[in-house]
Amino acid sequence: MKAIFVDANPTLSAVAERLHRADDLELVINRQPDITSDQLPAVLGDAEIAIIDHTHLPTDIARQCKGLKHVVFLGTGPRSYMNPEELAEIGIEVHIIKGYGDTAVAECAFALMWASAKGFGRMDREMRAGNWLRSDAVQLTGKTLGLIGFGGIAAEVARLAQGAGMEVIAWNRSAKSHPGVRFTELDEVLAKSHVVSMHLLLTDETRGIISRERINAMRDGAILVNTARGALVDEDAMIDALKSGKLGHAGLDVFVTEPMPKDHPLTKLDNVTLSAHSAFRTPEASDNLIQSALNHCRRISGKGVQQ
């Protein structure tokens, strides 16, 4: 049995080489992070396992990968890149990796919240251009943070926010409890929060959950932080709300289209802080991610799992 890491960037290539054991199944590392979907069948050949970081795997392309039986997706949200149900119908099982970067992503969400509140992005741009821009900021201590979705990442954000003196409220699709967090209805979270942070998986039910109507129901001048998936939010409605001031700022690590196209409307707005879907990129998270991916491969092939 053979696994092929089809779209390995230099960082994850090095981690995979270091963590791959001599007694593991064969692992081929394809150092081609910009691989296109139509190149996948040739790269995979007769391999049974594809490790995929960020490359789209349309079902019609998967059908051309004759040996493919398993996809190990490096993350929790494969629906942005493939259709797991359709793949299952043609005999390909999709495996996901949870929890590998909870702290890393939470720290990014926390950083985007503070950068948004303080206007650092705009001041940095202006000062580099020779302009001494000074702007008023939002004091977050004592403010309310609303978490939309509550898994491991949101729990870490709650820990950080509580340490910073914020009140934390949350909505989750199923019943949850957590020390110091008050769970309530989605509409209340949106209406009462000075900062709303997204922590949902992207599914057919959650796509566009932050609609134009729900943005309009948010507190005037609220900050929206998204480190989950861009398609959870109606992007056009968010842009309109940022232009009008209904939203005070957005701190975004994820987008409907990635990589973000040049001259995207979000790049034209001063009250947006952008990062390139990099919340999870820390050495600790990368090690956790690749170790978990290799453990999936080991289970599939009958090899021993590394703790």
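The values are calculated or read from the model by the stated rules, or taken from the named source; none is laboratory data. What you see is a predicted model; the values in this text were computed from it and never measured. As a convention, Cβ positions derive from the backbone with ideal geometry for all residues, glycine included, and neighbour counts pool all protein chains shown. When the accessible area is computed, the model is the full protein with side chains, heavy atoms only, and any ligands, DNA or RNA have been set aside. Shrake-Rupley method; radii C 1.70, N 1.55, O 1.52, S 1.80 Å.
General remarks:
- For the stretch 239-274, a tally of residues being of a type in the set (D, E, K, R) and either open to solvent by less than 30 Å² (accessible area, probe 1.4 Å) or closer than 22 Å to residue 75 by Cβ (or both) returns 2.
- Taking the stretch 275-306 as the range and being crowded, with 16+ Cβ neighbours inside 10 Å and not in a helix (DSSP H, G or I) as the test, the residues that pass are 275, 277, 279, 280, 281, 282, 303.
- Verdict on residue 47 being open to solvent by 30 Å² or more (accessible area, probe 1.4 Å) and out of contact with any helix residue (DSSP H, G or I) (no Cβ under 7 Å at 6 or more places or on another chain): no
- Just so you know, in the stretch 130-164 the residues that are of a type in the set (A, V, I, L, M, F, W, C) and either at pLDDT below 95 or open to solvent by 70 Å² or more (accessible area, probe 1.4 Å) (or both) include one that is farthest from residue 252 (Cα to Cα), and it is 132.
- Every pair of residues 6+ apart whose Cβ atoms lie under 7 Å, when the first sits in the stretch 222-247 and is of a type in the set (Lys, Arg) while the second is at pLDDT below 95: 229/77; 229/80; 229/202
- Whichever residue in the stretch 165-176 is under 25 Å from residue 229 (Cβ atoms) and not hydrophobic (A, V, I, L, M, F, W, C) and, among such residues, is least open to solvent (accessible area, probe 1.4 Å): 172
- Scan of the stretch 55-100 for residues that are in contact (Cβ under 8 Å) with a residue 60 or more places away in the chain and either closer than 20 Å to residue 276 by Cβ or touching a Leu at 6+ places or on another chain (Cβ under 8 Å) (or both), ordered by number: 74, 75, 76, 77, 79, 80, 97, 100
- Restricting the stretch 50-80 to residues that are more than 25 Å from the chain's Cα centre (by Cα) and either at pLDDT below 95 or farther than 17 Å from residue 25 by Cβ (or both), the residue that is surrounded by the most Cβ atoms within 10 Å (Cβ to Cβ): 65
- Elements of type strands (runs of 3 or more DSSP E) contained in the stretch 148-201, each with 2 or more residues being more than 17 Å from residue 116 (Cβ to Cβ) and touching a Phe, Trp or Tyr at 6+ places or on another chain (Cβ under 9 Å): 167-171, 181-183
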